[in-house]
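Each remark here refers to the structure printed beneath this line.
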Amino acid sequence: MLLDTFILKEDNGVDRVLDKNVEIPMLLDIYGSILPIVQRDSLDMYYNSDLSLGEIADNTGKSRQSVFDTIKRGEHALQEMEENLKILAKNKTLQSKIENIKLLLMEIKSCKSGDRSKKLFDSVLDEVKNLKL
């Protein structure tokens with residue numbers, strides 16, 4: 001692997017360390033169609049097909065150094081897109097809120113007390129109201 005992590009700047013000034021083997025394929029799914037074809041295909045072969053730089057070089061007729069540079073430029077472009085648009089971060093936040101709502105609903109379903117059910121229901125309603133799509 002090139003480097004195993006990269007830093008993503010958050011709006012609140014906190015840097016988030018991301019595992020490239022997990023995050024780059026997700027960013028590629030989101031922003032891949034915006035990348036130049038050569039970068040998209042090289043990133044896809046490297047991260048999704050798990051090909052080495054040498055294998056990609058053989059498949060594309062380019063040098064290992066050229067493949068390395070293409071992947072690095074593609075990673076940088078994906079990072080910049082995510083820093084600006086934050087689609088992946090928003091998606092993760094939304095997924096987390098949905099999971100929280102599911103847990104609250106399961107708790108309401110199993111709740112015997114009417115007062116407790118109302119409080120839990122209000123919590124779910126607050127979560128839903130605060131969802132930003």
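Here, each number is a calculation from the coordinates, and none is a lab measurement. It should be emphasised that the depicted structure is a prediction, and the values quoted were computed from it without experimental measurement. Quick reminder, even Gly has a Cβ in these numbers, built from the backbone with ideal geometry, and neighbours come from all protein chains shown.
Some notes on this structure:
- Restricting segment 99-133 to residues that are in contact with an Asp or Glu (Cβ under 9 Å, 6 or more places away or on another chain) and exposed (fewer than 14 other Cβ atoms within 10 Å of the Cβ), the residue that is farthest from Leu27 (Cα to Cα): Arg116
- Any chance Leu43 is in contact (Cβ under 8 Å) with a residue 12 or more places away in the chain, closer than 20 Å to Val22 by Cα, crowded, with 17+ Cβ neighbours inside 10 Å and under 26 Å from the mean Cα position of the chain (by Cα): yes
- For Lys90: the one exception among (1) farther than 15 Å from Leu43 by Cα; (2) touching a residue at least 12 places away in the same chain (Cβ under 8 Å); (3) out of contact with any Lys or Arg (no Cβ under 8 Å at 6 or more places or on another chain); (4) of a type outside the set (Phe, Trp, Tyr): (3)
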